[in-house]
C-alpha cells in the first residue's frame with residue numbers, strides 16, 4: 001500500500017477499507033473518481049473471515065449496486081486468477097471461483113472494460129476491441 005501511495009502522489013487520497021467496501025463507496029462524497037485497488041484483495045479478506053460462498057456472493061452484489069449508484073466514477077482494479085493452474089487447496093479454488101463470479105457480475109455494471117496483458121491495455125468496452133498501447137507499432 002505504501003508503494004502505491006508513493007506512486008500516485010499527493011493527487012490521490014488513500015482510504016483503506018478491507019471489508020466494508022460497498023458501504024464505503026456508497027458513503028463517498030466530494031470526489032470525482034474512486035480507484036479500488038484491488039478487488040481480489042477484498043475477496044481474499046472476505047474469504048479469510050470465514051464467510052460462506054452465499055455471504056460473499058451477497059457482498060459482491062452489494063458492491064455492484066454501490067458501484068452502479070455511486071456519484072463518483074468508480075475504477076475497479078482486479079487480478080484475473082482463472083486463467084492459470086487449478087489451485088490445489090479448497091480455499092484456493094474457492095478464491096478463484098469467487099473472483100470469477102465477481103468479475104462476471106461487475107462486468108455487467110461496467111460502462112468501460114479494460115484488461116492489461118504484458119504491458120498492453122486492451123479496451124473491451126466500449127467496442128470495438130482496441131489496443132491502448134502507446135508503444136505499439
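No lab work stands behind these numbers, since they all come straight from the coordinates. Remember, it's a predicted structure, so these values are computed and weren't measured experimentally. A quick note on method: Cβ atoms are made from the backbone with ideal geometry, for glycine too, and the neighbour counts reach across all protein chains shown.
Counting every other Cβ atom within 10 Å of each residue's Cβ, 98, 118 order from fewest to most as 118, 98. Between residue 121 and residue 3, the contour length at 0.36 nm per residue exceeds the Cα-Cα span by 40.3 nm.
Mean residue ellipticity, 222 nm, helices only, the chain: the sum of -39500 (n - 2.57) across DSSP H runs of n ≥ 4, divided by residue count and rounded to 500, is -14000 deg cm²/dmol.
Out of all Cα-Cα pairs in the range 6-53, roughly what percent, to the nearest whole number, are more than 13 Å apart?
Numbers: 706 of 1128 pairs.
Here the long-distance tail beyond 13 Å is 63 percent of all Cα pairs in the range 6-53.
The orientation-averaged shadow of the Cα convex hull for the chain, equal to a quarter of the hull surface, comes to 9.9 nm². Distance between the pseudo-spin-label points of residue 69 and residue 35 (7 Å out from Cα toward the beta carbon): 2.7 nm.
So, R0 is 25 Å and r is the distance between the beta-carbons of residue 50 and residue 77; what FRET efficiency does that work out to, to 0.05?
Numbers: r = 25 Å, r/R0 = 1.01.
Computed FRET efficiency for residue 50 and residue 77: 0.50.
When you restrict to C-alpha pairs under 8 Å that are six or more residues apart and normalise by the size of the chain, the relative contact order lands at 21 percent. Here 52, 40 are placed in order of increasing Cβ neighbour count within 10 Å, fewest first, which gives 52, 40.
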